[in-house]
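Below is one structure, written out as structure tokens; comments come after it.
Read the figures in this text as sums done on the coordinates, not as results from a lab. In this text the structure is predicted, and so the values were computed from the model without any measurement. Glycine gets a Cβ as well: all are built from the backbone with ideal geometry, and neighbour counts include every protein chain shown.
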Amino acid sequence: MSPRPQQERRILGRVKRAEFVGRDAELERILSLASHANSARAGGGLLILLAPLAGVSELMRQAYDQLFNAQSEAVPIYFSLPASDTTAVSAAIEFLNAFLAQYIAFRRNEPSLAQASLTMNDLVQLAPAADLDWIEQLVSAHNKQRFSSDERELVRFCLNAPRRVPSGNPQPYILFDAVKLANYDNEQVPFAGELIKALAGSPPFVLAGLRREIIREVEQAGIDYGTHEKVRLEPLAEAEARQLVASVARREGVAVSDECRDLLAQQFEGSPFLISAMLLAAREKHLALNSYFDCERLYVDELLGGRLNHYFTSVLENVAPEPIVRSALIRLLSESLRAGQRTASFAAWTRRLNLEAADVESILRSLHVQEIVNWDGETVDTQRGSGAWRDFVRSRFRLDALREPRALVVADLMSAALQRAPQTVARHYRRSASLPLRDVLQAFNYQRVPKVLFDYAAFAADYKGAPTEEIAARLEIDPQAMKLPQVFHTAHGVAFSAELKQFDEESCVVAHAFAGTSYTNENEVVWLTAKIDSKLEADADAVADWCNRLENLAQRSGFSRVQLWLIANEGFSVEASEKLRERGAYASSRMQFELLSAQLSEGLNKSTAAANNEYVFILPMGADNELLAAATAEQIARRLNFRPEAINQIKTAIVEACINASEHSLSPDQKIYQRFRVEDDKLVITISSRGILPASVEAREGRTHGKDAGVLEQRRGWGLKLIETLMDEVEFERVDEGTSLRMVKYLR
Amino acid sequence: MADFKSNVRSHTVGTTAVVYASDYLNKLTGERIERECKKQLDSGARALVIDFSDTELVNSIGISILLGIIDIAEKSGALVVFSDVNNETVQLFEMLGLTRHVVLAKDEEEALTTLSSSSKAMGH
């Protein structure tokens with residue numbers, strides 16, 4: 001029998017590489033950093049910032065296996081902080097032991113040693129000749145250190161052990177799983193600080209942990225957060241979560257129907273930990289998961305006594321080790337999960353827990369790190385944590401505090417879970433099929449789009465019934481354009497109004513935006529958008545209801561300038577369109593929305609394609625340099641066969657635009673930036689500059705009053721007037737400073 | 001006789017001063033013309049001809065200075081004629097309302113003839 005190829009050896013990985021779902025990019029990042037282990041420019045480390053329950057240990061184990069099997073210069077060392085029942089000192093000694101075992105395993109190319117339970121003396125015996133000296137010295141130094149009374153010094157010694165590898169020997173590449181770092185918060189020895197300093201002292205390294213905790217600890221350790229690469233690890237996306245369910249079920253021999261696969265992926269919100277826990281429990285209990293009933297029965301069992309219970313209990317015990325405090329905390333969390341009690345003040349928490357402020361702070365910090373609450377120092381937002389966590393808290397409260405019969409709690413939990421299951425899956429299916437309203441709004445960034453996409457009545461009159469290709473082609477040349485605002489924040493409507501809870505979360509989005517060229521209060525506008533669920537054209541009543549709902553939301557939220565936008569699959573009836581027009585609301589059918597979405601996506605690609613037909617010039621201000629710009633434009637316009645009259649108009653407009661740009665007395669670089677873009681039927685010219693906004697532009701924007709300006713100032717505003725007369729389209733584009741004037745001349 | 005002291009070419013025909021604009025009428029060249037026109041008016045000129053035969057391009061600042069010259073001339077009771085203005089520049093003058101305040105002549109000769117007729121009509 002031939003020996004197993006090294007690439008396939010599973011060492012620390014719990015699953016085969018082929019069974020490891022998702023996280024390809026993250027794995028690649030970890031592997032690529034290993035190449036720096038023996039280079040002089042080791043640089044920084046890689047921080048894996050983990051969302052709670054997103055799971056990271058298998059990712060690091062897979063990386064370990066690949067690096068071990070590659071047998072290149074970097075020696076992988078994987079260490080996961082023990083979950084509980086251990087101290088900082090014993091964790092540090094465990095690290096030292098794991099470091100030596102894995103280093104020797106790699107050097108001897110003997111995978112079995114990587115996890116072997118060996119004493120320090122065993123390890124010295126196994127050390128290869130090339131490493132014997134330094135390993136002997138390290139073990140000897142450790143034997144002296146372990147009997148000293150300075151625990152912090154011992155922790156520091158152990159964590160810094162990788163630095164003792166001589167420079168000529170292969171260097172270790174530490175993969176440190178610190179998801180349980182919070183368990184070491186109450187130690188006398190500041191473990192987190194020592195760990196981060198030790199890792200930062202011997203890059204490259206990978207440090208994975210809960211995102212809120214890692215960011216805080218790195219900053220507190222005085223390490224420059226910016227020098228390290230970061231990977232943000234979120235729960236799995238829907239497709240990957242389904243794939244994980246199928247993969248784990250296959251591996252563990254658990255039968256899972258497609259419906260249950262989708263349910264588990266949705267109910268556990270893409271958490272590899274929770275999904276795996278459920279399937280492992282199913283295997284142990286020899287259960288098939290063929291129905292929602294099978295899944296929820298197992299879920300309730302697990303939540304009240306299995307893996308899920310064990311995990312959530314350990315989180316809770318770590319946050320509040322004292323039983324009395326823990327009990328008060330469960331009561332407080334359970335009560336605050338009720339509707340309408342989303343936030344509470346720090347003072348209220350202090351009163352309810354009946355603790356000193358410092359102790360409450362410690363509890364809140366732990367809950368914040370676990371993302372069970374959001375705590376900003378004052379307000380505590382408890383509507384966080386997974387659905388399973390919320391079920392756990394409620395059931396613990398009923399069992400422990402209210403002393404309700406366990407059978408009743410189980411029955412209620414089961415009933416609620418069964419009722420919720422079809423809703424969970426239905427919500428997922430709706431979301432999959434629904435328009436990505438929030439995504440589209442987030443893409444708004446001053447693009448020019450056909451106005452008709454926001455006017456269903458006009459669209460129906462001009463385009464309805466035409467083939468999609470024809471509509472798209474005609475929209476390209478539709479002269480009526482509107483400029484979208486720049487959206488800077490979006491949220492689901494339910495975040496602003498509890499009234500919207502009755503609708504699907506995706507059905508209403510609130511988008512804060514700026515219209516116009518400057519960030520001013522006057523230019524701020526809030527787009528209130530809603531999708532009307534209607535199989536036919538939405539009628540006037542539905543439109544009136546949504547307009548009222550959105551206007552109420554605007555009033556309650558104090559939005560001074562709003563734009564309503566309603567979307568209905570099949571558009572709007574004549575009466576509904578009339579009502580929308582009266583209220584100044586935009587209206588789109590699904591087709592209009594999809595066309596808009598396509599245009600916004602295309603815009604990103606177009607900008608790259610356009611680069612080939614683009615000319616960019618930078619001129620210093622002054623010295624009649626606008627004539628150079630005009631001459632350049634003339635050459636380009638001649639190539640496009642513009643008429644001589646049009647060429648002169650373009651030249652004059654460019655001269656005026658350059659003069660405008662030059663009027664920035666505080667322009668820091670005194671340069672005029674010109675971009676000429678040749679498109680099929682037009683020349684697009686953009687003249688921009690850095691510096692302060694010219695008074696003439698401000699006046700245009702309504703920030704100064706033209707009537708107060710003197711005759712000369714009014715005449716100086718002629719430049720813009722001329723440009724607008726000479727060119728076919730003129731607009732100021734949004735820039736952070738200075739101004740950018742976009743002018744278009746069409747070939748006729 | 002031509003006078004180049006202010007870098008602006010000019011000459012007088014009786015009480016009419018003829019001032020020549022350069023190829024690009026902008027702030028700098030506009031102010032030079034303005035200074036020359038003021039000088040001519042101060043020296044007793046009763047009419048101004050600004051000749052644009054060399055002018056290819058004008059900008060809005062240059063045009064606003066021309067309006068200032070028309071104001072000054074009106075206050076001095078002097079007439080102003082623009083001669084030999086190319087079509088594109090005429091368009092700009094029209095856009096900005098300049099042609100309401102000034103007479104346009106095909107060339108310098110026509111400008112002088114126009115002024116001579118006006119002067120006779122006014123009994124000068």
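At a 10 Å Cβ-Cβ cut-off, how would you order A:Ile618, A:Ile215, fewest neighbours first?
The most exposed by this proxy come first: A:Ile618, A:Ile215.
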Distant-in-sequence amide H partners of A:Asp455 (H built 1.01 Å from N, under 5 Å): A:Ala587
Taking R0 as 35 Å, what's the FRET efficiency between A:Arg639 and A:Ser601 from their Cβ-Cβ distance, rounded to 0.05? 0.70
For A:Gly305, what charge total do you get from the other residues with a beta carbon under 13 Å from its beta carbon, if Lys and Arg give +1 and Asp and Glu give -1? +2
Using modelled backbone amide H atoms (1.01 Å from N, in-plane), which distant-in-sequence or interchain residues come within less than 5 Å of A:Ala255's amide H? A:Leu289
Given charges of +1 on the Cβ of Lys and Arg and -1 on the Cβ of Asp and Glu, with all other atoms neutral, how large is the dipole of the protein assembly as shown about its Cα centre, in debye to the nearest 20? 1400 debye
Dipole of the range A:294-396, positive direction: furthest Cα of A:Val315, A:Val369, A:Leu333, with charges on the beta-carbon: A:Leu333
Chain A: calculated mean residue ellipticity at 222 nm from DSSP helix runs of at least 4, using -39500 (n - 2.57): -15000 deg cm²/dmol
Kindly write out, for the range A:484-496 in residue order, the coupling ³J(HN,Hα) from the Karplus curve 6.51 cos²θ - 1.76 cosθ + 1.60 (θ = phi - 60°), rounded to whole Hz, with x marking Gly and Pro. 6, x, 9, 7, 10, 7, 10, 8, 5, x, 5, 5, 9
When the expected Rg is taken as 2.2 N^0.38 Å, what fraction or multiple of it is the alpha-carbon Rg of the range A:508-586? 1.15
For A:Arg448, placing the label point 7 angstrom along Cα-to-beta-carbon and taking the range A:506-537, residues whose amide nitrogen sits under 18 Å are A:515-518
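With a cut-off of 8 Å between alpha carbons and a minimum separation of six or more residues, what is the relative contact order of the range B:1-93 in percent? The partial results should precede the final answer.
Working: 162 pairs, mean separation 26.6, N = 93.
Relative contact order of the range B:1-93: 29 percent.
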If amide H atoms are built 1.01 Å from N in the plane of the peptide, which residues on other chains or at least 5 residues away come under 5 Å of the amide H of A:Lys230? A:Leu47
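Sorting A:Cys158, A:Cys260 on the 10 Å Cβ count, fewest up front, what's the list? Present the calculation step by step, with values, prior to reporting the outcome.
Numbers: A:Cys158 25, A:Cys260 28.
If I rank by nearby Cβ atoms, fewest first, I get A:Cys158, A:Cys260.
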Where labels lie 7 Å past Cα in the beta-carbon direction, separation of A:Lys682 and A:Ser148 in nm: 7.5 nm
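Over chain A, what relative contact order in percent results from Cα pairs under 8 Å that are six or more residues apart? Walk me through the numbers before you get to the answer.
Details: 1132 pairs, mean separation 57.8, N = 748.
It rounds to 8 percent for chain A.
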Return B:Ile72, A:Ile223, A:Ile687 ranked ascending by Cβ neighbour count within 10 Å, so the fewest neighbours appear first. B:Ile72, A:Ile223, A:Ile687
What is the calculated FRET efficiency for A:Tyr746 to A:Leu280, with r their C-beta to C-beta distance and R₀ = 56 Å, to the nearest 0.05? 0.25
Efficiency by 1/(1 + (r/R0)^6): what FRET value for A:Ser415 and B:Ser53, r their Cβ-Cβ distance, R0 = 56 Å, to the nearest 0.05? 0.05
Three-way shape call for chain A based on the alpha-carbon gyration tensor, with the a/c threshold at 1.5: prolate
Top positive-direction residue, dipole computed over the protein assembly as shown with Cβ charges, set A:Gln243, B:Ala111, A:Met414: A:Met414
Need one number: nm distance between label points at A:Glu110 and B:Ser43, each 7 Å from Cα along Cα→Cβ, rounded to one decimal. 11.0 nm
Spin-label point model (7 Å from Cα, Cβ direction): what's the A:Thr86 to A:Asp133 distance in nm? 3.3 nm
Go through the range A:136-153 residue by residue and turn each phi into a ³J(HN,Hα) via Karplus (6.51, -1.76, 1.60, θ = phi - 60°); whole Hz please, and just put x for glycine and proline. 4, 4, 5, 5, 5, 5, 5, 4, 6, 5, 5, 9, 7, 8, 8, 5, 5, 5
